[in-house]
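Heads up: the structure comes next, in structure tokens.
The values are calculated or read from the model by the stated rules, or taken from the named source; none is laboratory data. In this text, all values refer to a predicted model and were calculated from it rather than measured experimentally. Counting neighbours? That spans all protein chains shown, and the Cβs are built from the backbone with ideal geometry, glycine included. SASA here: full protein model, heavy atoms, side chains in, ligands and nucleic acids out. Shrake-Rupley method; radii C 1.70, N 1.55, O 1.52, S 1.80 Å.
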Amino acid sequence: MIANNFFITILLLTTQLIGHAGVKVDGRYYWDVLLKQQILPVMRRIAGDTYVFQQDSAPAHRARDTVQLLQQETPEFIAPDLWPPNSPDLNPVAPVYKKGDRHLAENYRPISLTCVCCKILEHIICHHIHSHLDANDILSKFQRGFRSEYSCESQLILTVHDLMKHHNNRQQVDLAVLDFSKAFDMVPHERLLGKLHHYGINGPIWHWIRDFLTARTQCVVVDGECSSWTEVDSGVPQGTVLGPLLFLLHINDLPNCVSSQVRLFADECLVYRTISSVQDQLQLQRDLDSLTDWASCWGMSFNPSKCTIITISRSNSPLHKFYTLCGVVLQHVSEARYLGVLLSDDLQWSKHVQHITAKANSTLGLLRRNLHHCPEKLRELAYITLVRSRLEYCSAVWDPHKITDQLALESVQRRATRFTKRLLLPVQCVSDAPGPTVAASQGKETRDQADTFLLNSSG
């Protein structure tokens, strides 16, 4: 009940529809028919999963069989004008822990448990909307989250490459790492629907999305126990197929309100600018003020306590300024986390390597205590899954050139080799261990991967 009350009271907004910013769409998007060829491929993808939640009475493969029988009688399905009336058994949510104190409701994310039929329609509608967005080049080029052919690694490669270019030219860069407050849960429905109409999404699909979002009720399900049912007044459902795309469309016009460089990955936002004079700093401050106005206009909110400023400079006396966001002075820091990688003000990776090796050694110690008597294959699989994946995450971005950083990573590899092979004597190098190794240096491979990506991007 406490979790459900917190999720509901995150934001209560007015539903006043206001003006639209962003691109203009010449073509209008209408879609009235669900062709049978579009349903079975979706069913094949999800039929292996048993989406048996409270609102499901049968696993996915039975829904697939039912669709096949219906298609024998009719060549096409008509897209529904309205989403079926919302009822409590359609909107349970599961609280998924993020981080922090497990006893606080704000440290959990509400994940909607939708039924198989809903997922089928979401997949098909999402595919058609993506085709419309790509055909009209609607999604901002600065947004790379929840999009095919983009990843955290590619986003970081472009960002670090840009920052390093300015750093090598001895230019100061002031970088703001911004954090949305409950981004997905604060999206006002009517304003989002207005943007969808502005981007050319009309007709039955617009009405379908409206009924999918509005007049929802939800309860929190924990260990089979349900809270009371409460109406949901804002937000896009997390854990759904369509939710991420709707969020991207809601914040799609954010880069248009600033003149500084913007990098978006879903709700992760960077704003930075080269600083050569006080006027550049004032312009960056005006951009932060514009973002504050944009958030107020579209029902979003930044969390200034989690937003930071990094000054990247090779000068001993860089230009300093106290930047503000939402009337709060932002904290200056020497490093900040972005997409799981620690960015520092000198663009070195020693602190990031120290952080990930400490985490890796801690996890490896846990595995050694609990998997000591397990077979070698299981120990190797546990290491690859829980430890090496952490060491290799976005390694094309931060692949270290310092010997001390390389040795720190190699020490984790040696400990892992002794653990998986049950060696009693220290191993000087991973390749010294008998049999196949469980980890090896990926330096040249990751550097080649980053170079290839940058060449393709510039082309």
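With only alpha-carbon pairs counted, each pair once and no self-pairs, how large is the Kirkwood hydrodynamic radius of the stretch 169-303 in angstroms?
Radius from the Kirkwood sum: 16.9 Å.
Contact order normalised by length for the stretch 90-135, with contacts defined as Cα pairs under 8 Å and 6 or more residues apart; what percent is it?
For the stretch 90-135, the relative contact order is 34 percent.
May I ask you to rank Glu376, Glu122 by accessible area, largest first, using a 1.4 Å probe over the protein chains only? Working shown, then result.
Working: Glu376 80, Glu122 0 Å².
Accessible-area ranking of Glu376, Glu122, largest first: Glu376, Glu122.
Please list, in chain and number order, the residues 5+ apart from Gly235 or on another chain whose amide H is under 5 Å from its amide H, with Hs placed from the backbone.
Val187, His189
Given a Förster radius of 25 Å and the C-beta distance between Ala358 and Phe142 as r, what FRET efficiency does 1/(1 + (r/R0)^6) yield to the nearest 0.05?
In this case the efficiency is close to 0.15.
From a point 7 Å beyond the Cα of Ala94 in the direction of its Cβ, which residues of the stretch 207-236 have a backbone N at a distance under 19 Å?
It comes to 218-228, nothing else.
Could you give the length gained on full extension between Lys351 and Glu376, defined as 0.36 nm per residue of separation minus the Cα-Cα distance, in nm?
This chain segment gains 5.8 nm when fully extended.
How many percent of the alpha carbon pairs in the stretch 266-357 exceed a separation of 22 Å?
Roughly 34 percent, once rounded to a whole number.
Just subtract the alpha-carbon distance of Arg368 and Gln283 from 0.36 nm times their residue separation and send over the number in nm, one decimal.
Working it through step by step, the gained length comes to 25.2 nm.
Under 17 Å between alpha carbons, and skipping anything fewer than 8 positions from Lys306 in its own chain: which lysines qualify?
Lys98, Lys99, Lys182
With Cβ to Cβ distances under 15 Å as the rule, what net charge do the other residues near Gln283 carry (K, R +1; D, E -1)? All intermediate terms of the calculation are to be shown ahead of the outcome.
Details: positive: Arg273, Arg286, Lys321; negative: Asp174, Asp280, Asp287, Asp289.
My count for the surroundings of Gln283 gives -1.
If each of Arg314 and Ser259 carries a label point 7 Å out from its Cα toward its Cβ, how far apart are those two points in nm?
Label at Arg314, label at Ser259, 2.7 nm between them.
Subtracting the Cα-Cα distance from 0.36 nm times the residue separation, let me have the gained length for Arg418 to Asn202 in nm, one decimal.
Numbers: separation 216, 0.36 × 216 = 77.76 nm, distance 6.13 nm.
Full-extension gain reported as 71.6 nm.
For each pair in Lys119/Lys377; Lys141/Lys165; Lys377/Lys402; Lys141/Lys321, compute the distance between the two Cα atoms and list the pairs where it is over 28 Å.
The answer is Lys119/Lys377; Lys377/Lys402; Lys141/Lys321.
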